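The values are calculated or read from the model by the stated rules, or taken from the named source; none is laboratory data. Note that the structure is predicted; figures quoted are calculated from it, not measured. Ideal geometry is used to build each Cβ from the backbone, glycine not excepted, and the neighbour counts take in all protein chains shown. To get the accessible areas, we keep the full protein, side chains included, count just its heavy atoms, and leave off ligands, DNA and RNA. Shrake-Rupley method; radii C 1.70, N 1.55, O 1.52, S 1.80 Å.
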Amino acid sequence: MKRIGLNSRVLITLLFVGAFAIGLQAQTPNDRIREVLIEKATFQPSDLKELDEGKIVVKAIPTNDKQIVSVFGAVRLKDISAVPMEEFRASLTQRSNRAMKGGGRFSVPPAADDLQGLELEDKDYKVLKKCSVGDCDMNMSAEMIRRLGAEVDWNAADHKERATVLFREMLLQYVRGYTSNGDGTLGQYANRREIVDLADAHRSLLASSLMIKDISPEIYGYFGEFPKKQVARAESEMHWSTVDFGLKPAITITHTVAFDVSQNGLSRFIVANKQIYASRYLDASLSFTMLISSGVNDPGGYLIFTDRSRSDALDGMMSGIARSVVEKEAVEKVRGMLQNAELRMLAAGRPKSDQPNAEISGYSRINEIMSDPIFITAVVGVLGIAVLLILRQRKA
């Protein structure tokens, strides 16, 4: 048999590489998105068919860790060409909600005045008074628990004021450490028997987050190396919230970043919400909301939401029941958000004179929903329901 010479082998290799490159170029953004939906979000042909019909698809994604809940939702929109990034960034504001008891944005760098509005409740004081390392109903490090025991005279008349001041001071140190040196400064929750290493928790959530590494490797790298890694055309902010869903209140701290990673005329807007602290229910949470063009010659695109959250409330004897409750509630909340977003997106495509409220665009309304701390921390309420269910089952 005649052997193929070296030059022939080189030529064949070049032809193969060239054909592969042409194949990649021929693949549209829409094709790539659908591939990722199948590979990473377990979409079936029936799910893709519903997307193409304009229906909202939301599902709970199975995880290997029973303490982690993963929710994914998507809707395909006919026209996103009228949505500017400037409006997307400008609309990162809070909106009123009965569950929001307080909140604010941190300065750069974070300052003590940023937390002047943060107040603890009587339920919190009762918990903090009894806290010890390994046994406390609020998420804290061993150092935080010891300081509350050593620096607050719980029998003094002003113990509530002193506890509030100290708690604010410790949260400020927490935020300053994170913004200066990243996840490595978050330490550990030591209020329960099983210690939670927060750097490990966030590393795990990022590594397993659906789609973000495929859609935008630069944003994946940003969160993996924050604050060393930076991304152009990104707006970052830190804010705190006090949320009360009718159970015990939760104080949360969230890092929100709006990214514009559009390329070659293709819109690619992403809002990321990383919860670095929650006093109750959640250990860590990471969500991405994306608006992505289908292609250069296609005015449409996809609105995608993905969230992964970790909670010790999903562990133990009642974990199966808790997971069922959490997943069902989370799916409904995400579906409701996408339904609202779709309506606002339709309004954004109309002339302003045809819109019922011309002073604020449809897209601003959408991003109000997506960037609102209430929406970001909605899963806290879902997990709170699960916790309440577990407690009731144990008392029965």
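Considered as a group, the residues in segment 190-215 that are acidic (Asp, Glu) and modelled with pLDDT of 95 or more include one that is nearest to the chain's Cα centre (by Cα), and that residue is Asp200.
Restricting Asp298, Asp354, Asp307 to residues that are under 15 Å from Ser70 (Cβ atoms) and either at pLDDT 65 or above or open to solvent by 50 Å² or more (accessible area, probe 1.4 Å) (or both) narrows the list to Asp307.
Condition check: open to solvent by less than 30 Å² (accessible area, probe 1.4 Å), under 14 Å from the mean Cα position of the chain (by Cα), hydrophobic (A, V, I, L, M, F, W, C) and within 23 Å of Tyr220 (Cβ to Cβ). Does Leu291 satisfy that? The answer is no for Leu291. Taking every residue in segment 280-294 that is at negative phi and pairing it with any residue that is acidic (Asp, Glu) and in a strand (DSSP E or B), at least 6 positions away or on another chain, the pairs with Cβ-Cβ distances below 7 Å are Ser285/Asp307; Ser287/Asp307. Within segment 150-172, the set of residues being exposed (fewer than 14 other Cβ atoms within 10 Å of the Cβ) and either among the acidic types (Asp, Glu) or assigned to a helix (DSSP H, G or I) (or both) comprises Ala150, Glu151, Asp153, Asp158, Glu161. Scanning segment 129-144 for residues that are over 30 Å from Gly224 (Cβ atoms) and touching a residue at least 24 places away in the same chain (Cβ under 8 Å) returns Lys129, Cys131, Val133, Gly134, Asp135, Cys136, Asp137. Within segment 310-325, being open to solvent by less than 10 Å² (accessible area, probe 1.4 Å) and either closer than 30 Å to Arg32 by Cα or modelled with pLDDT of 80 or more (or both) holds for one residue alone: Ser311. Taken as a whole, the condition of being within 16 Å of Tyr189 (Cα to Cα) and of a type in the set (D, E, K, R) applies to Asp135. The residue pairs whose first member lies in segment 151-174 and is within 20 Å of Ser107 (Cα to Cα) and in contact (Cβ under 8 Å) with a residue 60 or more places away in the chain, whose second member is small (Gly, Ala, Ser) and open to solvent by 10 Å² or more (accessible area, probe 1.4 Å), and whose beta carbons are closer than 9 Å, counting only pairs six or more residues apart or on different chains, are Leu172/Ala111; Leu172/Ala112; Tyr174/Ser141; Tyr174/Gly187. The single residue among Gln188, Gln275, Gln173 that is under 30 Å from Tyr302 (Cβ atoms) and among the polar types (S, T, N, Q) turns out to be Gln275.
Of note, Ser132 does not satisfy the criterion of being over 20 Å from Ala250 (Cα atoms), exposed (fewer than 14 other Cβ atoms within 10 Å of the Cβ) and modelled with pLDDT of 95 or more. Out of curiosity, is Gln230 part of a loop (DSSP other than H, G, I, E, B) and either under 27 Å from Phe72 (Cα atoms) or not small (Gly, Ala, Ser) (or both)? It is true that Gln230 is part of a loop (DSSP other than H, G, I, E, B) and either under 27 Å from Phe72 (Cα atoms) or not small (Gly, Ala, Ser) (or both).
In the condition set (1) farther than 30 Å from Met138 by Cα; (2) modelled with pLDDT under 85; (3) of a type outside the set (Val, Ile, Thr), Met290 is compliant with all but (2). Given the criteria out of contact with any strand residue (DSSP E or B) (no Cβ under 9 Å at 6 or more places or on another chain) and part of a loop (DSSP other than H, G, I, E, B), does Leu247 qualify? For Leu247, the condition - out of contact with any strand residue (DSSP E or B) (no Cβ under 9 Å at 6 or more places or on another chain) and part of a loop (DSSP other than H, G, I, E, B) - is met.
The test for being out of contact with any Ser or Thr (no Cβ under 7 Å at 6 or more places or on another chain), farther than 30 Å from Lys130 by Cβ and hydrophobic (A, V, I, L, M, F, W, C) does not hold for Phe288.
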